[in-house]
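Trainee: What follows is a single structure, and I will ask about it in a moment.
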Amino acid sequence: MDKAKKTHFQDKYGNVAQFLFIKPNDALLKVMVHFWDPTYRCFMFNEMDMVLTIKEYSNLLLYDFRDLLRIY
C-alpha cells in the first residue's frame, strides 16, 4: 500500500489497524464468551448489560466519532 493510501486510511479510520498486532488472551476470551448475550449483542453481568458508549469507543480507537454520528 502506498503512502497516500495509508494516510487516507488513517485519516478515515484512525488507529484501528493497530488491533491487528494485539495477541489475544485465550483464557480471557473463554471467560468473555461465558458472559456474552447474543440476543442483545453485549456482555451481561447479573442482569446488567455492559455496553461501550460512543465516547468510550472514541477513546479506545483514538478516533473522533462526534461529527459522523449526529444522532444524539
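Trainee: Mean separation of Cα pairs under 8 Å and 6+ residues apart, divided by the residue count of the chain: what relative contact order is that in percent?
Mentor: Value for the chain: 27 percent.
Trainee: Hey, another quick one. What's the magnitude of the charge dipole for the chain around its Cα centre, counting Lys and Arg as +1 and Asp and Glu as -1 at the beta-carbon? Answer in Debye, nearest 20.
Mentor: 360
Trainee: Then there is this: Out of every Cα-Cα pair in the chain, what percent are more than 21 Å apart? Intermediate results must be reported in sequence, preceding the final value.
Mentor: Values: 1256 of 2556 pairs.
It works out to 49 percent of all Cα pairs.
Trainee: Pop a pseudo-label 7 angstrom from the Cα along the beta-carbon direction at both LEU60 and PHE35 and give the gap in nm to one decimal.
Mentor: 1.3
Trainee: Expressed as an acute angle from 0 to 90° and rounded to the nearest 10, what is the orientation of the C-alpha long axis of helix 26-35 relative to the principal long axis of the chain?
Mentor: Taking Cα atoms only, the helix is inclined about 60 degrees.
Trainee: Follow-up. Relative to the present Cα-Cα distance, how much length would full extension add between PHE43 and ASP11 at 0.36 nm per residue of separation? Could you put the intermediate results ahead of the total?
Mentor: Details: separation 32, 0.36 × 32 = 11.52 nm, distance 3.05 nm.
This chain segment gains 8.5 nm when fully extended.
Trainee: Which residue, chosen from CYS42, LEU29, THR7, occupies the Cα position most advanced towards the positive end of the dipole of the chain, where the dipole is computed from +1 (Lys, Arg) and -1 (Asp, Glu) charges on Cβ about the Cα centre?
Mentor: Of the listed residues, the answer is THR7.
Taken together, the values in this text are just the output of simple stated rules run on the coordinates, not laboratory data. Keep in mind that this is a model prediction, so the values were computed, not measured. All Cβ positions, even for glycine, are placed from backbone atoms using ideal geometry, and neighbour counts span all protein chains on display.
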